[in-house]
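First comes the structure, then the notes that go with it.
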Ligand SMILES: [Zn+2]
Ligand SMILES: [Zn+2]
């Protein structure tokens, strides 16, 4: 059986000798995706070896599932303390900042109780980091289908003002109660659908990077993502209308993405340039002190914008002289000025990171250019195989009420264009904007 044929629950505890030369394995000990999964919470706490629980939630998720979770644990003799994450002034939901993580760790009494996260992505990310720091097991009970980091072993946090992915640990146990999750506000479901659609771009760029940079690519993990991305798109309309089976299909995909990232030992299966739009919008919002849009919605809009850009890329044929002139004209001081202007207080960290990564190193750029020109037809074939027309996604999004343009999420076309130009600056991941830099092209 191929990896893509297993359900999230069936993958637990298995390791796969893969054709990519890697043994794929994940440290998640159990995954339950079913209506009423929360009923297994007390038994799961006991399974983890703990006799007390430190439950993390926010006001909304306490009402959605936290109250029930607390009662179920206490009824079974599990001493439970509750830590509420709160939004900072001017924000309507908590953000994954150092401050929030610090508050959480200070509240933990250190008694060795299991951490139980009840909530969305922010709760999960902070609990993953706290359970790593405290060396205690972690049980995650998601309350919404808004993002795909349920089982991943990295946490997305705002660290020194930069949106960063920090390697930590995955939840030990995932209790995905489809009855609870399907009651989440519709916008959160739209966000989950947006995050699944991003896999169009992420898989395409993973394959392009494999050609251009030699990065390890796993066809099995990629196929797993395609399978669940297609299922999410096919079930999107029914899910938005409240069809439980359709919501479950989307949740299954969201559960698997984290495992796929663990298998690939990178975020490649999950995110590409479309996610960088989101990271940059988040950083700008933080800089300007305004609330950003939900991650999955930003990513959905980023996917539309990225598909449009790939359509334009297909009309280009790279020119070696033009590309080399562009690579050699790179001006470090000018780049640093641009980074300082755009990123504000996180600029110095980005400049520091670049010193280690050398993304604009002229020799490395020229070597990549050789591989790009030598494999241009193969790169175009990958784009044809992996992507769909932008209009197809726009039509689906319009039908389900998912935003399709920056203006619908509080961003302008100019801010989207500026964000795109800086997507190449934040991390050493080969994405569309890096390919454009290496070829001296703009789309
Ligand atoms: Zn593999
Ligand atoms: Zn995402």
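Could you work out, for the range 250-390, what percent of all Cα-Cα pairs fall into each 5 Å distance bin, beginning at 0 Å and stopping at the bin that holds the largest distance?
P(r) for the range 250-390, in whole percents per bin: 2, 8, 11, 14, 19, 20, 16, 8, 2, 0.
With contacts defined as alpha carbon pairs under 8 Å and 6 or more residues apart, what's the relative contact order of the range 3-184 in percent?
25
Given all pairs of different Cα atoms, what value in angstroms does the Kirkwood hydrodynamic radius of the range 377-441 take?
14.1
Sticking with the crude label model, points 7 Å out along Cα→Cβ, report the distance from residue 186 to residue 315 in nm, one decimal please.
Distance between label points: 3.6 nm.
Taking Cα centroids, how far is the range 109-144 from the range 294-324 in Å?
Their Cα centres are 37 Å away from one another.
Determine one quarter of the surface area of the Cα convex hull of the range 192-329, which equals its mean projected area, and express it in nm² to one decimal.
For the Cα atoms of the range 192-329, the hull's average projected area reads 10.8 nm².
Take the Cα pairs of the range 307-368, get the Kirkwood Rh, then feed it into Stokes-Einstein at 4 °C and 1.567 mPa s and tell me D in µm²/s.
It diffuses with D of about 95 µm²/s by this estimate.
Return the calculated 222 nm mean residue ellipticity for the chain, to the nearest 500 deg cm²/dmol, obtained by summing -39500 (n - 2.57) across DSSP H runs with n ≥ 4 and dividing by the residue count.
Here the helix-only value at 222 nm equals -16500 deg cm²/dmol.
Arrange 118, 304, 82, 136 by Cβ neighbour counts within 10 Å, fewest through most, would you?
Listed from fewest to most nearby Cβ atoms, that is 82, 136, 304, 118.
How large is Rg/Rh for the range 39-105, to two decimals, with Cα atoms and a Kirkwood Rh?
Reported Rg/Rh, Kirkwood definition of Rh: 1.04.
Residue separation times 0.36 nm, minus the C-alpha to C-alpha distance between residue 405 and residue 357: what's the value?
14.0 nm
Subtract the Cα-Cα distance of residue 167 and residue 373 from 0.36 nm times their separation in residues, and report this length gain in nm to one decimal.
So the chain would gain 70.7 nm between residue 167 and residue 373.
When only Cα pairs under 8 Å and 6 or more residues apart are kept, what is the percent relative contact order across the chain?
16
Over all Cα pairs of the range 3-184, how is the pair count split among 5 Å bins, expressed in % and running from 0 up to the last occupied bin?
The distribution over the range 3-184 is 1, 8, 17, 22, 21, 15, 9, 5, 2, 0, 0, given as percents.
Find the all-direction average of the projected area of the Cα convex hull for the range 91-134, expressing the result in square nanometres with one decimal place.
The number I arrive at for the range 91-134 is 3.1 nm².
What order do you get for 127, 204, 20 when you list them from fewest to most C-beta neighbours inside 10 Å?
Listing 127, 204, 20 from fewest to most nearby Cβ atoms yields 20, 204, 127.
What is the range 324-431 by shape, rounded, prolate or oblate, if you read a ≥ b ≥ c off the alpha carbon gyration tensor as root eigenvalues and call it rounded for a/c under 1.5, prolate for a/b larger than b/c, and oblate otherwise?
In terms of gyration-tensor shape, oblate.
With both partners inside the chain, how many of the DSSP beta bridges are antiparallel, as a percent to the nearest 5?
That works out to approximately 25 percent antiparallel.
Arrange the following residues from fewest to most other Cβ atoms within 10 Å of their Cβ: 11, 396.
Starting with the residue having the fewest Cβ neighbours, the order is 396, 11.
Determine one quarter of the surface area of the Cα convex hull of the chain, which equals its mean projected area, and express it in nm² to one decimal.
19.9
Of all DSSP beta bridges in the range 3-184, what percent run antiparallel (nearest 5)?
Roughly 25 percent of the DSSP beta bridges within the range 3-184 come out antiparallel.
No lab work stands behind these numbers, since they all come straight from the coordinates. Bear in mind that the values here come from a model prediction, so they are computed numbers and not experimental data. Neighbour counts run over all protein chains shown; Cβ positions are idealised from the backbone, glycine included.
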